[in-house]
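The values are calculated or read from the model by the stated rules, or taken from the named source; none is laboratory data. Remember, predicted model here, so these are calculated numbers, not experimental data. With ideal geometry, Cβ positions are generated from the backbone for all residues, glycine too; neighbour counts draw on all protein chains shown.
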4 protein chains.
Amino acid sequence: MKPFALPIRYHRLYPGEAPLGSSQQTISIDPASTAILLVDVYHAAESIEGKDLVNTLWDQAFSKIVSQCLAPLVACARTVRLPIIYVSNSSPRVEINSSPFGRRLNQSLGFDPSIDFREPDVNSLEFDRGDPIQLFIPPQVAPQTGDYFIRKHTYNGFFETRLDSLLRNLGIRNLICAGFSEDVCVLFTLANAVFLGYNTILVRDSTLATELPDELDEFKHTQRTTLWIESFLAPSTTSEQFIAAISQSEMDKP
Amino acid sequence: MKPFALPIRYHRLYPGEAPLGSSQQTISIDPASTAILLVDVYHAAESIEGKDLVNTLWDQAFSKIVSQCLAPLVACARTVRLPIIYVSNSSPRVEINSSPFGRRLNQSLGFDPSIDFREPDVNSLEFDRGDPIQLFIPPQVAPQTGDYFIRKHTYNGFFETRLDSLLRNLGIRNLICAGFSEDVCVLFTLANAVFLGYNTILVRDSTLATELPDELDEFKHTQRTTLWIESFLAPSTTSEQFIAAISQSEMDKP
Amino acid sequence: MKPFALPIRYHRLYPGEAPLGSSQQTISIDPASTAILLVDVYHAAESIEGKDLVNTLWDQAFSKIVSQCLAPLVACARTVRLPIIYVSNSSPRVEINSSPFGRRLNQSLGFDPSIDFREPDVNSLEFDRGDPIQLFIPPQVAPQTGDYFIRKHTYNGFFETRLDSLLRNLGIRNLICAGFSEDVCVLFTLANAVFLGYNTILVRDSTLATELPDELDEFKHTQRTTLWIESFLAPSTTSEQFIAAISQSEMDKP
Amino acid sequence: MKPFALPIRYHRLYPGEAPLGSSQQTISIDPASTAILLVDVYHAAESIEGKDLVNTLWDQAFSKIVSQCLAPLVACARTVRLPIIYVSNSSPRVEINSSPFGRRLNQSLGFDPSIDFREPDVNSLEFDRGDPIQLFIPPQVAPQTGDYFIRKHTYNGFFETRLDSLLRNLGIRNLICAGFSEDVCVLFTLANAVFLGYNTILVRDSTLATELPDELDEFKHTQRTTLWIESFLAPSTTSEQFIAAISQSEMDKP
């Protein structure tokens, strides 16, 4: 497959008195060195225990994004055989509840990761095995044979995981990044990717930040987080623009 | 010195419909395993080139925080001989301008790190040496003999630096963290500290997030970032509370 | 449990003309911050495919060490509830055969890690699942409920694994290290432990280096590797000394 | 410059009863993604304090290798503008003498790194500054303007350094690796390079392992270490083969 032409957007914070603001351009991306990175694309509110933790409006927006943006994005990437890499919360047996990080999840987010991040089909010496509580991946975006799957235990998908080796061995230089939550696991994973030299692009309509109840009517924190990422880390695109770029490239084939 | 009793605050984001919100408690901290971590406490707007990049209102707030909060905090920590560790931007010769990260600094923040992060007193084989443009540490919070100084080249003070080794060798378990900008280098450094198991506390009045011009009247992004950190990473305290806690502990000496 | 007194040995390589050589001392170790680290304690020659890769004399020595040194060591550690941490080869799906490291395993060691390191009870999205070829842990030293298990894919048990977090969260400062092969996975894992500040001790009779056929009569490479480790990385002890130290400490109980 | 054809050698340790042994091949290397990595190419025995630590025969071999192999290798690489990257011991102020690693250097190697690894031209907040004791780089292989220089404090040139970022930003895929000591800093740096996916080649005549006095007549440990590296990590070449390959490629130019 030939390179595809992807419209991207970034933000300019300078000069300090009157920032230049948004800028758009179209960049050429070689599919041979490009992967889709899906961060925590699971439905935490699937079970009763999970539902209590998640705001209803947020959960509705999540479902809409999965159906209308994320599923078409992933389906399109599959048609041109881009590697699909899942980075997902999990519960490795590392005594996380003895750590300041585990304490924060319990005290501030209201759940115990060694219970809420259990999975049925993991090795029980290495992971906490059990029926899922939060980790339900919607069928439309579920991993398929040949996809890659990286389990993480912090917000950063590169922290003590093999994500970097996987990307190096696949020859990936460009990461098209989507998933949840934009201001937490997407942010830290995307940042580490950028620090490691990956050319990273956020799919801004295929993500959602955590929002306080009074921010939810306009998804203010999501908007602010996108602008922040476009300023400090990486340009953004949309699922529609990505799909159009791929389609155009396919149509241009001789 | 005996343990000191520090009031801290964290935020509870659950349950989703009506979060419990702020919570306060007092924790006991052993000074023998505690350090002060100062992130990018430099005055970027000192020179003409730097001034253009920074908003005037932000810069005034920066100076006020340095004088009224940061300087007293550091001075107090010195009286009880807590290690003071600076983590600071720098320009190691790693061809950063060939990287997506370097491109972002140039395109979105408006400066070239290999020029703006020069320092006069570094080894010129390893670093870009030259007169400073952004890196002016205010005299009130300048490093003194015996302090530690870690040079970084990303937003994350642990990324490819010796900060973790320094902390391990010093026997540090608790990090009192302050500096700039709260939503960038403080955030990523503090997060990595938490992922590495350090018991980290943000000094919320001794930091400032990057703010868009229309957010500056209320420092809305700073407030939102503090709430985010208190929710996802670490509790916060204030410089006044820290100073009072140390003073009380000193007074209680037999 | 009280601290136990462990005899250790290290080597002095200086002065250059006439090195001082071996030195012995007894150190006090707090069991509350001590773990047993077992590196690749599997019997690679269990299956027909594996048997061909391993020299018969080496394999006999392996079995003797497991029975006479490693099993008693682990059993003793269990009586005083020291954490037992396994670090073991595995086959995460990271396209290792596309890498220079995978090429070396294939070309120089004669096996494909994505086949030889399969396991039956792992998640098939993340690992290559299948009947074992090399990974047979002898029953006498098999992991038990409550033990910890870290899967690695290089010679270094810390490389892209959660071993460091596990140790930090357990409060471990001292690592009693044994397993195979001394000059490969034990060496690199032990070295990284030392670089990370862990107080590491090699159990020198509970390990074995890879040996060329003409070295096997005296296990010359094992002897040289032990001396190397005692010189550059960490002191050593023996399983007997460890067991005696623990027993003495238990007997001294009031 | 076109790819050059480099003869390499690796070792086959299988089958266990009668290993296949050495194998040679010629590989094509793209100079655009190739760098020279020079590990600790300094003359430790230059000063009186350093001389005492190093064996005289070893020191003579060191000087011969520098003059006859390393200097021509580096000079040749400069003619075709391959990046030259130095990785070198140093003394960052991280309280290394409080660590098990620092203890080993003091007890087993006979020196204090915070004294012996001082340099005159480093920032004194970050490094121990002072007249050199061990760190004397011979003039024939001294760094020149435009070379890269990475300071390390362990045996592993990637541990808490920016070496990986430098290589990524330069677009390096192939590392031609030489320096000292082969069984210590070369070994650990080369291993980490391989784990990170770099295509690494040891220049086996441009390195020397630490040798015990009774091994020095045949440099037995160097020979054994080369065979070990060729078995477990990376193929080897010689300085002559490298220079011939570059010369041939230059002559083939149209």
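Only one of (1) part of a helix (DSSP H, G or I); (2) within 14 Å of chain B (Cβ to nearest Cβ) is not met by C:ILE172, so which one is it?
C:ILE172 satisfies all of (1) part of a helix (DSSP H, G or I); (2) within 14 Å of chain B (Cβ to nearest Cβ) except (1).
Taking the condition of being assigned to a helix (DSSP H, G or I) and closer than 18 Å to A:SER33 by Cα, how many residues in region A:176-191 meet it?
Qualifying residue count for the region: 1.
For every residue, the table says whether it meets (1) among the acidic types (Asp, Glu); (2) over 20 Å from A:ILE29 (Cβ atoms); (3) surrounded by fewer than 22 Cβ atoms within 10 Å (Cβ to Cβ).
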residue: A:ASN192; (1), (2), (3): no, yes, no
residue: A:ASP205; (1), (2), (3): yes, no, yes
residue: A:LYS220; (1), (2), (3): no, yes, yes
residue: A:ALA234; (1), (2), (3): no, no, no
residue: A:ASP252; (1), (2), (3): yes, no, yes
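Hey, can you tell me all the residues within region B:188-220 that are in contact with a Ser or Thr (Cβ under 7 Å, 6 or more places away or on another chain) and within 24 Å of A:THR154 (Cα to Cα)?
B:LEU190, B:ALA193, B:VAL194, B:PHE195, B:GLY197, B:ILE201, B:LEU202, B:VAL203, B:ARG204, B:ALA209
Would you mind stating whether D:THR200 is buried (at least 23 other Cβ atoms within 10 Å of the Cβ) and over 15 Å from D:TYR86 (Cα atoms)? Walk me through how you get there before you give the answer.
Details: buried (at least 23 other Cβ atoms within 10 Å of the Cβ): yes; over 15 Å from D:TYR86 (Cα atoms): yes.
Against the criterion (buried (at least 23 other Cβ atoms within 10 Å of the Cβ) and over 15 Å from D:TYR86 (Cα atoms)), D:THR200 qualifies.
Restricted to region B:76-102, and to residues that are assigned to a helix (DSSP H, G or I) and under 22 Å from the mean Cα position of the chain (by Cα), which residue is farthest from A:ALA234 (Cα to Cα)?
Filtering region B:76-102 down to residues assigned to a helix (DSSP H, G or I) leaves B:76-79, B:96-98, B:100-102.
With the extra rule that they be under 22 Å from the mean Cα position of the chain (by Cα), the set shrinks to B:76-79, B:101-102.
Working: B:CYS76: 39, B:ALA77: 38, B:ARG78: 39, B:THR79: 43, B:PHE101: 8, B:GLY102: 11 Å.
It comes out as B:THR79.
Taking the stated definitions as given, is B:GLU230 crowded, with 23+ Cβ neighbours inside 10 Å and among the acidic types (Asp, Glu)? Don't jump to the end; show me each part of the working.
Numbers: crowded, with 23+ Cβ neighbours inside 10 Å: yes; among the acidic types (Asp, Glu): yes.
For B:GLU230, the condition - crowded, with 23+ Cβ neighbours inside 10 Å and among the acidic types (Asp, Glu) - is met.
So, in region A:186-241, how many residues would count as being in contact with a strand residue (DSSP E or B) (Cβ under 7 Å, 6 or more places away or on another chain), under 25 Å from B:GLU211 (Cβ atoms) and within 14 Å of chain D (Cβ to nearest Cβ)?
Adding up the residues that qualify gives 2.
If I ask for residues that are of a type in the set (A, V, I, L, M, F, W, C) and in contact with a His (Cβ under 8 Å, 6 or more places away or on another chain), which ones from region A:203-224 would you list?
Here is the first cut: in region A:203-224, the ones of a type in the set (A, V, I, L, M, F, W, C) are A:203, A:208-209, A:212, A:216, A:219.
Scanning region A:203-224 gives A:ALA209, A:LEU212.
Would you mind stating whether C:GLN134 is of a type outside the set (Lys, Arg), closer than 26 Å to C:ALA61 by Cα, within 14 Å of chain D (Cβ to nearest Cβ) and part of a loop (DSSP other than H, G, I, E, B)?
Considered against the rule, which asks whether it is of a type outside the set (Lys, Arg), closer than 26 Å to C:ALA61 by Cα, within 14 Å of chain D (Cβ to nearest Cβ) and part of a loop (DSSP other than H, G, I, E, B), C:GLN134 comes out as yes.
Can you find a residue that is free of Cβ contacts under 8 Å to residues at least 24 places away in the same chain, under 18 Å from C:VAL41 (Cα atoms) and of a type in the set (Val, Ile, Thr) anywhere in region C:79-87?
Checked region C:79-87: no residue is free of Cβ contacts under 8 Å to residues at least 24 places away in the same chain, under 18 Å from C:VAL41 (Cα atoms) and of a type in the set (Val, Ile, Thr).
Residues of region D:55-75 being closer than 15 Å to D:PHE219 by Cβ and loosely packed, with under 15 Cβ neighbours inside 10 Å, which ones? Lay out the reasoning, then the answer.
First, the residues of region D:55-75 that are closer than 15 Å to D:PHE219 by Cβ: D:55-65, D:68-69.
Within region D:55-75, D:THR56, D:GLN60, D:SER63, D:LYS64, D:GLN68 meet the criteria.
Scan region B:91-119 residue by residue and report those that are under 30 Å from B:THR34 (Cα atoms) and out of contact with any Pro (no Cβ under 9 Å at 6 or more places or on another chain). Reasoning before the result, please.
Here is the first cut: in region B:91-119, the residues under 30 Å from B:THR34 (Cα atoms) are B:91-92, B:117, B:119.
Once the filter is applied, which keeps residues that are under 30 Å from B:THR34 (Cα atoms) and out of contact with any Pro (no Cβ under 9 Å at 6 or more places or on another chain), region B:91-119 yields only B:PRO92.
Are any of the residues in region A:243-250 under 14 Å from the mean Cα position of the chain (by Cα) and in contact (Cβ under 8 Å) with a residue 12 or more places away in the chain? Step through it out loud before you land on a result.
At the first step, the residues of region A:243-250 found to be under 14 Å from the mean Cα position of the chain (by Cα) are none.
No: zero hits.
Would you mind stating whether A:LEU125 is farther than 23 Å from A:LEU38 by Cα and of a type in the set (A, V, I, L, M)? Lay out the reasoning, then the answer.
On the way: farther than 23 Å from A:LEU38 by Cα: yes; of a type in the set (A, V, I, L, M): yes.
Yes; evaluated as a whole, the condition is true for this residue.
Can you tell me which residue among D:LEU196, D:LEU212 is of a type outside the set (S, T, N, Q) and under 24 Å from D:ALA35 (Cβ atoms)? Working first, answer last.
Working: D:LEU212 fails: under 24 Å from D:ALA35 (Cβ atoms).
Going through D:LEU196, D:LEU212 in turn, just one is of a type outside the set (S, T, N, Q) and under 24 Å from D:ALA35 (Cβ atoms): D:LEU196.
Output the residues belonging to region B:3-62 that are part of a strand (DSSP E or B) and within 13 Å of chain A (Cβ to nearest Cβ).
Going residue by residue through region B:3-62, those that are part of a strand (DSSP E or B) are B:4-12, B:21-29, B:34-39.
Correct list: B:ILE8, B:ARG9, B:TYR10, B:HIS11, B:ARG12, B:GLY21, B:SER22, B:SER23, B:GLN24, B:GLN25, B:ILE27, B:ILE29.
Which one of these is within 13 Å of chain D (Cβ to nearest Cβ) and assigned to a helix (DSSP H, G or I): C:LEU73, C:LEU105? Break it down into steps so the answer makes sense when it comes.
Numbers: C:LEU73 fails: within 13 Å of chain D (Cβ to nearest Cβ).
Answer to the selection: C:LEU105.
With the requirement that a residue be hydroxyl-bearing (Ser, Thr, Tyr) and in contact (Cβ under 8 Å) with a residue 60 or more places away in the chain, what does region C:211-237 give you? Walk me through how you get there before you give the answer.
Applying the first criterion (hydroxyl-bearing (Ser, Thr, Tyr)) to region C:211-237 yields C:222, C:225-226, C:231, C:236-237.
Passing the criteria: C:SER231, C:SER236, C:THR237.
I need the full set of residues from region B:1-27 which are touching a residue at least 12 places away in the same chain (Cβ under 8 Å) and farther than 18 Å from B:THR238 by Cβ, in order please. Outline the logic, then answer.
At the first step, the residues of region B:1-27 found to be touching a residue at least 12 places away in the same chain (Cβ under 8 Å) are B:1-13, B:22-27.
Correct list: B:MET1, B:LYS2, B:PRO3, B:ARG12, B:LEU13.
Against the definition (of a type outside the set (A, V, I, L, M, F, W, C), modelled with pLDDT of 95 or more and either more than 21 Å from D:ILE36 (Cβ to Cβ) or in a helix (DSSP H, G or I) (or both)), how does D:GLU250 come out, yes or no? Give the derivation first.
Details: of a type outside the set (A, V, I, L, M, F, W, C): yes; modelled with pLDDT of 95 or more: no; either more than 21 Å from D:ILE36 (Cβ to Cβ) or in a helix (DSSP H, G or I) (or both): yes.
So D:GLU250 fails the test.
Tell me which residues, restricted to region A:20-38, are within 22 Å of A:VAL80 (Cβ to Cβ) and among the hydrophobic types (A, V, I, L, M, F, W, C). Explain how you work it out, then say what you get.
Filtering region A:20-38 for residues within 22 Å of A:VAL80 (Cβ to Cβ) gives A:26-38.
Matches in region A:20-38: A:ILE27, A:ILE29, A:ALA32, A:ALA35, A:ILE36, A:LEU37, A:LEU38.
Does any residue of region C:226-236 turn out to be among the hydrophobic types (A, V, I, L, M, F, W, C) and outside any helix (DSSP H, G or I)?
Checked against the condition, which is being among the hydrophobic types (A, V, I, L, M, F, W, C) and outside any helix (DSSP H, G or I), region C:226-236 yields at least one hit.
From the list D:ASN123, D:ASN97, exactly one residue is of a type outside the set (D, E, K, R) and over 22 Å from D:LEU163 (Cβ atoms). Which is it? Write out each step before concluding.
Numbers: D:ASN123 fails: over 22 Å from D:LEU163 (Cβ atoms).
Only one candidate passes the filter, namely D:ASN97.
Just one of A:GLU182, A:GLU215 is modelled with pLDDT of 95 or more, acidic (Asp, Glu) and touching a Leu at 6+ places or on another chain (Cβ under 7 Å); which is it?
Working: A:GLU215 fails: touching a Leu at 6+ places or on another chain (Cβ under 7 Å).
Residue meeting the stated conditions: A:GLU182.
Within region B:160-184, take every residue that is without any contact (Cβ under 8 Å) to a residue 60 or more places away in the chain and of a type in the set (D, E, K, R) and give me the one that is surrounded by the fewest Cβ atoms within 10 Å (Cβ to Cβ).
Going residue by residue through region B:160-184, those that are without any contact (Cβ under 8 Å) to a residue 60 or more places away in the chain are B:160, B:162, B:164-165, B:168-169, B:182-184.
In the following step, the residues that additionally are of a type in the set (D, E, K, R) were identified as B:160, B:162, B:164, B:168, B:182-183.
Working: B:GLU160: 23, B:ARG162: 24, B:ASP164: 21, B:ARG168: 19, B:GLU182: 28, B:ASP183: 26.
Across region B:160-184, the extreme among qualifying residues is B:ARG168.
Among the residues of region D:38-54, is there at least one that is crowded, with 17+ Cβ neighbours inside 10 Å and among the acidic types (Asp, Glu)?
Yes, some residue in region D:38-54 is crowded, with 17+ Cβ neighbours inside 10 Å and among the acidic types (Asp, Glu).
Would you point out which residue out of A:GLY146, A:GLY157 is under 22 Å from the mean Cα position of the chain (by Cα), in a loop (DSSP other than H, G, I, E, B) and surrounded by 22 or more Cβ atoms within 10 Å (Cβ to Cβ)? Don't jump to the end; show me each part of the working.
Details: A:GLY146 fails: surrounded by 22 or more Cβ atoms within 10 Å (Cβ to Cβ).
Exactly one residue qualifies, and that residue is A:GLY157.
Does A:THR238 count as hydroxyl-bearing (Ser, Thr, Tyr) and surrounded by 21 or more Cβ atoms within 10 Å (Cβ to Cβ)? Before the answer, list the steps.
Working: hydroxyl-bearing (Ser, Thr, Tyr): yes; surrounded by 21 or more Cβ atoms within 10 Å (Cβ to Cβ): no.
No, not satisfied.
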